[in-house]
Amino acid sequence: MPDFLDSHSRWPKHPLKEWNQTLELARSLGWYFRKTSDHAFGHLYCRTGVPKGGAVCDITIFPSGRGGESAARFARRAIPLPART
């Protein structure tokens with residue numbers, strides 16, 4: 001598996017649907033995914049690598065476990081959406 005997966009790559013599926021929704025949102029907004037060898041499932045990185053206005057630019061994707069659904073929802077809210085015009 002490549003080190004970083006862009007939005008055009010196939011990303012791995014997480015066992016929890018809430019995390020898959022978070023992964024799909026990040027992917028649709030051009031974020032990158034990196035599978036890690038530590039205890040985490042992986043990490044999400046914003047496309048610029050530089051957060052704007054204090055926004056989160058590195059989100060840890062946790063493996064399934066207690067509280068995984070709420071952690072995924074929290075992470076999804078941390079992904080900044082594009083401004084509407």
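Rule-based calculations on the coordinates, nothing more; no lab input. Keep in mind the model is a prediction, meaning the values are calculated, not measured. Every residue, glycine among them, receives a Cβ derived from its backbone with ideal geometry; neighbour counts consider all protein chains shown.
Observations
- Answer label for mean projected area of the Cα convex hull in nm² (calculated), chosen among [x] 6.0; [y] 4.8; [z] 7.2: [x]
- Per-residue ellipticity at 222 nm computed for the chain from its helices equals -8500 deg cm²/dmol, with DSSP H segments shorter than 4 residues left out and the rest contributing -39,500 (n - 2.57).
- The residues neighbouring Thr22, those whose beta-carbon lies less than 13 Å from its own, together hold a net charge of +3 under the Lys/Arg +1, Asp/Glu -1 convention.
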